[in-house]
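This report refers to the structure that appears directly beneath it.
The values are calculated or read from the model by the stated rules, or taken from the named source; none is laboratory data. A quick note: this is a predicted structure, and the numbers were derived from the prediction, not measured. Note: areas computed on protein heavy atoms with side chains; ligands, DNA, RNA excluded. Shrake-Rupley method; radii C 1.70, N 1.55, O 1.52, S 1.80 Å.
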Amino acid sequence: MRPTLLLRHTSGRASRVPSLSTMPSLPGQVDSGALLRGSREILIRHGGETYRLRHTRNDKLILTK
């Protein structure tokens, strides 16, 4: 099962992120900017659970369940 990435808009709506396989990177690497796409947080569904990936003001990434 592949995880589903959801982009959370400021309006509260979520939309699917296009395939990340077309982005140039090393195997297993994804640029955080490509994931966040200008947002401060995204929701990631994995194994029936939803996780929140947040980009902080201190330029850190925090993943919470």
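Can you list residues from other chains, or at least 5 along the same chain, whose modelled amide H is less than 5 Å from the amide H of His46?
Those lying under 5 Å, H to H, from His46 are Tyr51.
Applying the Karplus parametrisation 6.51 cos²θ - 1.76 cosθ + 1.60 with θ = phi - 60° to the phi angles of the range 48-56, what ³J(HN,Hα) value in whole Hz is obtained for each residue in order, glycine and proline being reported as x?
Those phi angles translate into x, 10, 10, 10, 10, 9, 10, 9, 7 Hz.
Rank these by accessible area, largest first, 1.4 Å probe: Glu41, Glu49.
So the residues, ranked largest to smallest area, are Glu49, Glu41.
In what sequence, largest accessible area first, do Leu26, Leu36, Leu43 appear using a 1.4 Å probe?
Leu26, Leu43, Leu36
Note the full-extension length gain between Leu61 and His46 as 0.36 nm times their separation in residues minus their Cα-Cα distance, in nm to one decimal. Walk me through the numbers on the way to the answer.
On the way: separation 15, 0.36 × 15 = 5.40 nm, distance 1.78 nm.
Computed gain between Leu61 and His46 is 3.6 nm.
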